[in-house]
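Q: Got a structure here, written out as structure tokens. Questions coming.
The values are calculated or read from the model by the stated rules, or taken from the named source; none is laboratory data. Keep in mind it's a predicted model, so treat the numbers as computed, not measured. All Cβ positions, glycine included, derive from the backbone under ideal geometry; neighbour counts span all protein chains shown.
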Amino acid sequence: MVFAVVPEVNNVNSLVSKVAQAIDLDTSAGNELDLASTVPIDKITAYSVNGGETMTINLRDSADGKSHFIVASITLSENTESEVYGTYGDANTATYDSQIKAKINGTVSKYTIEEVKDDPQALLNDIRDQLNIMFNDNTFIAEVGFASVTYQ
């Protein structure tokens, strides 16, 4: 009886191990680590784009055939430990406000109202990524957020 059970237990253990490995791969496979969650709060400074005033940006045409836009006040969380923070961060960021607004406009205008409503975080992550490309440092902008937002 013992000889008949041992091979089955080994097979079950092997199966459980394979299933556990597959689950680990699937759960880690599309999860992007949010940079803001890895930067301590005391290493973040906030910058209000457009002086904190709202920006009105046209969205890409949607399936309903209507024109839509977003009205938002956008805040950037800058990583003070970034290599480029001394050049672009803190008081220096205002110097680049026009370029920042242009990059935000270009990024937001690629989205439809449905995409923005369904997953606003995808839009915010895309803005963050595009700004980090512009500043040539993928850690400078830790997070982008809406201080206020309205979709129309």
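Q: Which pairs do you get when a residue that is in the same structural domain as residue 57 (by TED's automatic domain parsing) and of a type in the set (A, V, I, L, M, F, W, C), found in the stretch 83-102, comes within reach of a residue that is surrounded by 14 or more Cβ atoms within 10 Å (Cβ to Cβ) and outside any helix (DSSP H, G or I), reach meaning Cβ atoms under 6 angstrom, with the pair 6+ apart or on two chains?
A: Correct list of pairs: 84/135; 84/137; 84/140.
Q: What's the number of the only condition in (1) out of contact with any strand residue (DSSP E or B) (no Cβ under 7 Å at 6 or more places or on another chain); (2) loosely packed, with under 12 Cβ neighbours inside 10 Å; (3) without any contact (Cβ under 8 Å) to a residue 24 or more places away in the chain that residue 56 fails to meet?
A: Looking at each condition in turn, residue 56 falls short on (1).
Q: Please give the helices (runs of 4 or more DSSP H) falling wholly within the stretch 60-152 in which 1 or more residues are more than 23 Å from residue 41 (Cα to Cα) and modelled with pLDDT under 95.
A: Numbers: elements: 85-88, 97-108, 113-118, 120-134.
By residue number, 113-118.
Q: Suppose we keep only residues that are in contact with a helix residue (DSSP H, G or I) (Cβ under 7 Å, 6 or more places away or on another chain) and of a type in the set (A, V, I, L, M, F, W, C) within the stretch 133-145. Which one would you say is surrounded by the most Cβ atoms within 10 Å (Cβ to Cβ)?
A: 141
Q: Starting from the stretch 105-121, take each residue that is within 15 Å of residue 64 (Cβ to Cβ) and list its partners that are basic (Lys, Arg), counting only C-beta distances under 9 angstrom and pairs at least six apart or across chains.
A: 111/60; 112/60; 113/60; 113/66; 115/60
Q: Can you tell me how many residues within the stretch 90-105 are within 16 Å of residue 140 (Cβ to Cβ) and either of a type outside the set (S, T, N, Q) or buried (at least 16 other Cβ atoms within 10 Å of the Cβ) (or both)?
A: 9
Q: Do the conditions hold for residue 130, that is, is it surrounded by 13 or more Cβ atoms within 10 Å (Cβ to Cβ) and either within 25 Å of residue 152 (Cβ to Cβ) or not acidic (Asp, Glu) (or both)?
A: Yes, satisfied.
Q: Here's a follow-up. Within the stretch 75-89, identify whether any single residue is of a type in the set (D, E, K, R), in contact with a Lys or Arg (Cβ under 8 Å, 6 or more places away or on another chain) and loosely packed, with under 15 Cβ neighbours inside 10 Å, and answer yes or no.
A: The answer is yes; a qualifying residue exists.
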